[in-house]
Structure formats: C-alpha cells, structure tokens
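Reviewing the structure listed below.
Quick note: the coordinates plus some simple rules give every number you see, no bench work behind them. Just so you know, these numbers come straight off a predicted model, no measurement behind them. Cβ placement follows ideal geometry from the backbone for every residue including glycine, while neighbour counts extend to all protein chains displayed.
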Amino acid sequence: MATLRHQIATNVLTVTRFRELIKAVEGYRPNDNLDIIRKAYDYSLKHHRGQSRASGEPYLVHPLEVACVLAEMKLDPIALAAGLLHDSVEDTSVTIVDIRKQFGEQVAHIVEGVTKISKIDFASTEERQAENVRKMVLAMVDDIRVVLIKLADRLHNMRTLEHLPPERQAKIAKETLDIYAPIAHRLGMGKIRGELEDLGFRYMDPIAYQQVHEALEARRKTGEQFLARVEGIIREKLREANIEAVTESRIKRLFSVHQKLLRQRINVDQMYDLFAVRIITHSVQDCYAVLGAIHNHWRPVPGRIKDFIAMPRPNFSQSLHTSAIADDGTPFEVQIRTEEMHKMAEEGIAAHWKYKDGPVSARDEQRLAWLRQVVEWQRDVSDPSEFLSTLKIDLYPEEVYTFTPKGKIVVLPRDASPVDFAYTIHTEVGHNCVGAKVNGRMVPLRYKLHSGDIVEILTQPGHQPSRDWLAIVKSSRARNKIKHWLNVHQRERAIEIGRKLIDREARKYRIALKDLKEEQLKKVASDYGLGRPDDLLAGIGYGKFSARQVLAKLAPAATEQPGLPGEAKPGGISSVVRRVFGGDSGAISVRGHDDLLVYRARCCNPIRGEDIVGYVTRGKGVAVHARNCANVTNLMYESERRIAVEWARRDVAPTGYPVKLTLFCDDRAGMLKQITTVISEDNTNIRNIEARTANSQANIDVIMDIEDLKHLERIITGLRKIPGVHDVQRVQKI
Ligand code: MN
C-alpha cells in the first residue's frame with residue numbers, strides 16, 4: 001500500500017514537472033510541434049518503470065530533469081527528446097534500432113553518441129583517459145547536442161551526488177572538474193561551468209570547500225550590503241549619463257575563490273574581484289561610456305582594466321573588466337557587456353539554438369573550428385598522454401594577447417615565443433622564421449611574449465625549423481607543425497644517407513646497387529621487421545643498422561669473398577662498438593669500413609682517455625659526448641639512441657685535440673712566460689692565448705693541442721704549481 005501511494009505521489013510530481021517543461025518549450029519555440037517530446041516522455045516512463053535512483057526516487061526523474069536543463073539552454077525538440085531518452089539504451093532493454101524506428105535518425109544518432117560517451121571511463125590511467133577525451137571531442141565535432149546532453153546529465157548527477165557512497169562521489173567529482181567543467185568553459189557556457197565546478201569542489205575536497213565556504217559566509221551579509229550600495233551609486237551615475245542598463249552583482253564562486261587563493265597566495269580580503277557588479281547595456285558604445293563613468297567616480301586599480309571586447313578570450317566571451325576601490329577601501333570588480341555578450345557568456349554555444357536549427361553563427365563556427373583543430377592537430381600524435389596535456393593547456397588558457405604590425409590580434413598561451421606567433425600567422429612563416437622584432441626591437445626567438453606586444457616576424461625563404469624550437473614553443477599548433485616537419489624531413493635525409501652508406505659499402509665489393517632487385521630489399525627489410533625498403537634505408541641513415549650487415553644479407557655471396565676488408569662482428573645493434581679516433585684539427589672518422597659519421601660533440605669536446613658515450617643523432621651521424629657532459633643526461637631520454645663508443649688504439653691516432661683552459665692568477669711580471677714554459681716543456685703546441693686583467697688579477701685563456709686525458713692532467717698539474725696561479729679550469733665549449 002505504502003509503495004503504491006508513494007508511486008502515485010511521485011507520478012503526480014513528474015507529471016507536474018513535465019507540464020512545466022512543455023510550457024517552457026512552448027515559450028521559446030512557439031511554432032514548433034512538441035509531440036516528439038511528449039512521445040519521448042511516455043516512452044521513457046514506460047521503459048524506466050520500476051527503476052529507481054540511489055535517492056529512492058523513480059528513475060524517470062533523472063531524464064526529466066536533464067530535459068529541463070536542456071530547456072533552460074533553450075534547445076530544440078529533437079535535443080529534448082534525446083535528453084528524455086538518453087539513458088534508455090544503456091539502462092533498459094531498448095536498443096538503438098528501436099529508438100530509430102520510433103523517433104527517427106537524428107534522435108537515435110544523438111542518443112547513440114551520449115551512450116558511447118557514458119561508457120567511457122575517465123578515471124582510468126592517464127593514457128586511457130587521453131584516448132577517452134579524444135573520443136569525447138570527436139563526438140562533439142559530430143553533433144554538439146551530444147555534449148550538451150552529456151553536460152546536462154552530469155549537472156543533474158552532480159546535483160544529486162549526495163546519495164552516492166563517498167568513493168563514488170570523489171571519482172565523479174574529479175571527472176567533473178577534469179573533463180566536464182573545462183569543456184563547458186571552452187564552449188562558453190559560464191553558468192553550467194560555475195555550477196559544475198562548485199559541486200565538483202564540494203565532493204572532491206570537502207575540507208577546503210568547507211574553509212572557503214565559511215570564509216565567504218562570514219562576509220556574505222556585509223558583502224551583499226556593500227554590493228547593493230555600489231549598485232545604487234552606479235545606477236545613479238548611469239541615469240546622470242543617460243545610459244540605459246541593467247545591473248546585477250555577485251560574490252565570487254567558491255571554486256574560483258579557491259583556485260585564486262591557491263594561485264596567488266593571498267587571503268580572501270585581498271582579492272580584487274571577490275565582489276563584482278555586472279552592467280548589461282544595449283550597445284558596445286554604451287559599454288565604453290559606462291567604463292568612463294565608473295572611472296570618473298572611483299579610482300581604478302592600475303593594471304586591472306581588461307578589454308575583452310576588443311580582444312575576445314579564446315572561448316569568445318566578451319566584456320570590459322575594471323577594478324575599483326570603494327570609499328571604505330573595499331576593492332570590487334566591474335564587468336560591462338552588452339545583452340548579446342551576456343547571453344553568450346552565460347549560455348555559450350547553446351545560445352544560438354533558440355533561433356536556429358544548427359550552430360551557424362560565425363562564433364559557433366569558430367568554437368567548432370577549435371574542436372576540429374584539436375582533433376586534427378592530434379592526429380599525428382602517437383603519445384596519448386601528450387594529447388591530454390595539450391588538451392589541458394588548451395582548456396585552461398592562460399593567454400597573452402599580441403598584435404601583428406597591422407593590429408590584428410594573435411592570442412597565444414602564456415610564455416609563448418615569437419616562433420609560436422609565426423606559426424599562428426602561417427605554417428610557412430613559422431618554418432622560415434629567422435628572427436623577430438617586438439615593439440620595433442630585435443629579440444631572440446626564445447623571447448617570452450607579453451600582452452600588448454607588437455610582433456613582426458623576420459623570415460628567410462628556405463630557412464628550416466630546428467629541433468631546439470620544441471623547447472621554446474608553447475602552443476600545440478607550433479609544436480605539432482615543427483614535429484611534423486622534422487619527422488618528414490629528417491626521414492628523407494636519413495633515407496638519403498642510408499642509400500649513400502650502402503652504396504659506398506657495395507662499391508667496396510664491386511656490387512652495383514642498381515643490380516639489386518627491389519624484392520631483395522623488401523625481403524631484407526622484412527627480416528628486420530620493417531615494412532618497406534625505405535624504412536630499412538632510413539634505419540641505416542639513423543645509425544640503427546650497419547650498412548655492412550645489411551649488405552651482407554642483400555648479397556651474401558659477393559660479400560663473402562676472401563681477402564676483402566671486413567671484420568666479422570655479428571650480434572645486435574646494441575653490442576656494436578664503434579671506434580673513434582681524432583684526426584688533426586679534431587676531425588673524427590670511423591676506423592674500418594663501418595661508414596657511420598662520428599663527431600665529437602661541440603658542447604664538451606671529449607678527448608682521448610675521457611669516458612665517452614655516443615648518441616645517434618637524426619641524420620647527422622653519431623655525436624660523441626663526454627660522459628659527464630650536462631647534455632648527456634638531457635639527451636638520454638631517448639635511450640634507444642644511445643650507442644657504445646670507445647677510443648681507437650693509440651697507434652692510429654695522429655695529433656691532438658684543441659683544449660681550452662682558463663687560468664685564474666695574479667697579474668704579475670713573468671706570469672705569462674712561466675705559463676708558456678710549463679706548456680711548451682711538455683712539447684705541447686699552443687694555438688692561442690688571451691689574457692684579461694683587472695685589479696691585479698688575471699684571467700688567461702689558453703687553447704692548446706692535447707693528445708689525451710693524461711697529457712691534459714699533466715699540464716694542469718704543472719700550471720697549478722706556478723706561484724700565483726689560483727685555479728685552472730677546462731672550458732668544455734671552445
Ligand atoms: Mn543519465
């Protein structure tokens with residue numbers, strides 16, 4: 001009996017709620033036929049019958065509330081019907097085929113999209129999560145209504161989260177803050193984003209939430225009185241200036257307060273925007289007039305005036321911001337925008353569905369273009385966690401606003417460089433970028449751009465991107481363009497080098513490479529586990545395979561002739577030891593027939609006797625570093641490119657390597673002579689010597705030819721014995 005009464009009571013509740021929903025839709029879409037919404041309600045009622053939520057309510061309440069949120073977004077009947085049906089495929093015996101039969105292709109398509117997203121587990125490892133966000137983004141590009149329904153679904157689930165056990169609460173809250181709130185933000189839906197964030201914060205970090213909550217509650221009453229006073233003064237000033245406008249005010253949302261406190265390490269009372277008044281005008285012109293009136297009455301806080309009308313934010317929300325200090329010393333923020341801008345800031349991409357049947361405004365197009373770009377840029381990225389971090393950067397823009405010399409705005413991530421700027425202009429401008437002028441002055445490419453900078457990019461036709469640029473760019477666009485270029489071009493070079501190496505090897509055995517058939521190359525390539533002959537050649541060019549070993553497989557008979565040079569060294573690549581020796585002037589070549597280019601890295605200039613490691617560069621051969629070189633640690637993140645090297649036998653090595661020493665010593669008569677004597681007594685050639693003196697102290701740089709580490713140590717010991725020499729240091733980079 002009790003359950004029946006309960007059922008009847010809730011049925012009355014849902015029927016009432018449904019009537020409200022229909023009334024709301026009739027209000028904003030007076031000419032539409034709403035039968036499909038009624039049909040979807042009946043269908044949902046029938047199929048969710050007997051199911052209940054964790055709260056004990058009938059399940060139907062959930063899709064109904066989701067549809068109500070969609071009605072607040074003023075979406076079309078198709079979206080509302082899909083909202084009412086969104087859980088039917090997942091949670092009842094209904095199939096997509098049934099939905100398609102009953103409600104048509106569009107509704108079925110949207111429900112299918114929502115169902116797919118619901119199956120995604122965002123709380124998985126970062127890699128899986130990245131893949132899932134990618135799917136989500138793809139769904140958005142497909143039909144934005146899928147994501148709007150998912151956001152409404154999440155909003156209602158967050159509003160009723162109290163009924164779930166704490167572990168589930170924390171997981172869902174985290175997902176909301178990580179994925180859904182940023183997407184709402186990016187789509188310009190300020191209202192939903194704000195509510196999602198505050199609800200997420202409450203369950204994700206209850207202690208911090210409580211603290212912020214208490215801090216705000218303690219100030220709420222006086223804050224509201226303060227805001228009422230300020231609003232009163234503003235309305236008076238607007239009347240005087242003859243400007244028609246609506247004002248409203250707010251105390252900052254909990255999650256925003258929390259984030260700001262974390263970021264700036266200030267207390268609540270030091271925040272300029274804890275209290276804010278919003279002024280909504282009829283025209284852009286009025287916005288600026290209001291700003292003038294505000295600044296006339298209150299002293300603006302320097303640096304807090306932001307013109308997001310002239311320079312819209314990446315999510316395309318627009319308004320004028322300024323902060324002022326009231327007579328009692330309380331700071332507050334003023335936001336000024338037109339009605340249209342206000343709608344866009346609160347409702348974002350959903351705002352246009354009221355009037356049209358698709359996202360057709362220029363701004364909606366731009367929003368969708370952003371999504372498409374994110375997907376497109378990521379197509380070549382094989383590492384999913386990189387995708388996620390890129391997306392996170394793009395979702396939480398901390399941007400700088402820069403200008404072209406003609407005044408066009410270029411929005412870039414914080415700390416972006418002129419290279420980022422160049423790639424925003426055009427891919428070719430990026431590739432050919434050789435320098436930049438900021439505000440008329442030359443700056444290095446690693447310069448960090450600031451808001452307001454006027455940037456002029458200097459290009460040179462034929463100039464090519466450098467791997468070093470990856471360390472200075474901040475935008476995903478620039479990073480991906482550079483990586484793509486490097487991949488394509490270095491591979492081409494590697495193939496070319498590989499072809500030359502194997503050609504040279506072949507000539508030793510008097511084999512003409514053109515006599516080798518394509519099939520043979522293919523076969524050997526597949527022996528190495530590679531798909532195409534080009535992969536094999538590239539592998540040789542990168543130094544992964546030895547040209548000699550590949551040739552031995554290509555032409556076994558020809559390479560086994562006795563009496564020809566050759567050193568049998570079977571085994572894997574990692575076991576191959578390259579032998580290195582220095583030529584005069586420090587040139588390096590490889591002993592024997594192993595045609596790898598080897599050179600001493602210029603950052604550390606290792607000499608014989610020093611511990612060395614090799615690093616296979618892309619296309620330039622093997623760089624040999626001193627093991628203690630600072631770059632080694634940085635380079636070795638790609639450990640598969642590390643290669644064992646050793647110094648060749650002594651008898652093959654000719655003269656020495658140039659080594660630079662700096663001596664710190666007293667500036668006294670005879671010092672230079674004593675130094676040169678110590679060096680020349682060891683039969684060592686001095687290439688260059690330079691001295692700088694100040695305050696009777698001297699720094700002396702000597703470059704000399706050194707045979708090996710022992711030789712160098714002998715010289716250093718000798719120099720240190722000279723009276724008045726305080727220190728002797730080797731300068732790695734010459
Ligand atoms: Mn749902």
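Enumerate the amide H contacts of THR459 below 5 Å, restricted to partners 5 or more residues apart or on another chain; note that Pro and chain-start residues carry no placed amide H.
For THR459, the qualifying residues are VAL434.
Could you give me the ³J(HN,Hα) list for region 204-218, computed from phi with Karplus coefficients 6.51, -1.76, 1.60 and θ = phi - 60°, whole Hz, x at Gly and Pro?
Couplings: 7, 9, x, 5, 4, 4, 4, 4, 5, 4, 5, 4, 6, 4, 4 Hz.
So what is the relative contact order for region 657-731, in percent, with contacts set as C-alpha pairs under 8 Å and at least six apart? The partial results should precede the final answer.
Working: 124 pairs, mean separation 35.8, N = 75.
Relative CO of region 657-731 lands at 48 percent.
Distance in nm between label sites at LYS221 and GLU690, each 7 Å beyond Cα in the beta-carbon direction?
Result: 7.5 nm between the two label points.
State, to one decimal in nm, how far the label point of VAL731 lies from the label point of VAL434, with both points 7 Å from Cα in the Cβ direction.
2.8
For the pairs LYS191/LYS343; LYS237/LYS306; LYS74/LYS343; LYS306/LYS474; LYS74/LYS191, note any where the Cα-Cα span goes beyond 18 Å. Before the final figure, lay out each step's value.
Details: LYS191/LYS343 10 Å; LYS237/LYS306 21 Å; LYS74/LYS343 12 Å; LYS306/LYS474 23 Å; LYS74/LYS191 14 Å.
As for pairs spanning more than 18 Å Cα to Cα, those are LYS237/LYS306; LYS306/LYS474.
How large is ³J(HN,Hα) for each residue in region 63-74, as worked out from phi by the Karplus curve 6.51 cos²θ - 1.76 cosθ + 1.60 (θ = phi - 60°), to whole Hz, x for Gly and Pro?
Along region 63-74, the couplings run x, 5, 5, 4, 4, 5, 5, 5, 5, 5, 6, 6 Hz.
Calculate one ³J(HN,Hα) per residue across region 81-96 by plugging θ = phi - 60° into the Karplus curve 6.51 cos²θ - 1.76 cosθ + 1.60, and present them in order as whole Hz with x for glycine and proline.
4, 4, x, 5, 9, 4, 9, 5, 6, 6, 10, 10, 7, 5, 10, 4
How about LYS508: which lysines have a C-alpha closer than 17 Å to its C-alpha, ignoring those fewer than 8 places off in the same chain?
LYS500, LYS553
Name the residues whose placed amide hydrogens come within less than 5 Å of the amide hydrogen of LYS474, ignoring near sequence neighbours (fewer than 5 apart) on the same chain.
Answer set, sorted by chain and number: SER417, ASP420.
Based on the Cβ-Cβ distance of SER680 and GLN285, what FRET efficiency does E = 1/(1 + (r/R0)^6) give at R0 = 56 Å, to the nearest 0.05?
Numbers: r = 83 Å, r/R0 = 1.48.
Step by step, r from the Cβ atoms, then E = 0.10.
Taking amide hydrogens as modeled 1.01 Å from N in the peptide plane, which residues meet the under 5 Å criterion relative to ARG304, leaving out close sequence neighbours?
SER323
Which entries of LYS406/LYS437; LYS116/LYS150; LYS221/LYS260 have Cα-Cα distances beyond 19 Å here?
Working: LYS406/LYS437 14 Å; LYS116/LYS150 11 Å; LYS221/LYS260 22 Å.
From LYS406/LYS437; LYS116/LYS150; LYS221/LYS260, over 19 Å: LYS221/LYS260.
Using Cα pairs closer than 8 Å and at least 6 residues apart in sequence, work out the relative contact order for region 483-559, in percent.
Numbers: 74 pairs, mean separation 32.4, N = 77.
Relative contact order comes out at 42 percent.
To make sure I understand, if each residue's beta carbon is the centre and we count other beta carbons within 10 Å, what order do LYS150, LYS448 fall in, fewest to most?
Working: LYS150 24, LYS448 15.
Fewest-to-most ranking of LYS150, LYS448: LYS448, LYS150.
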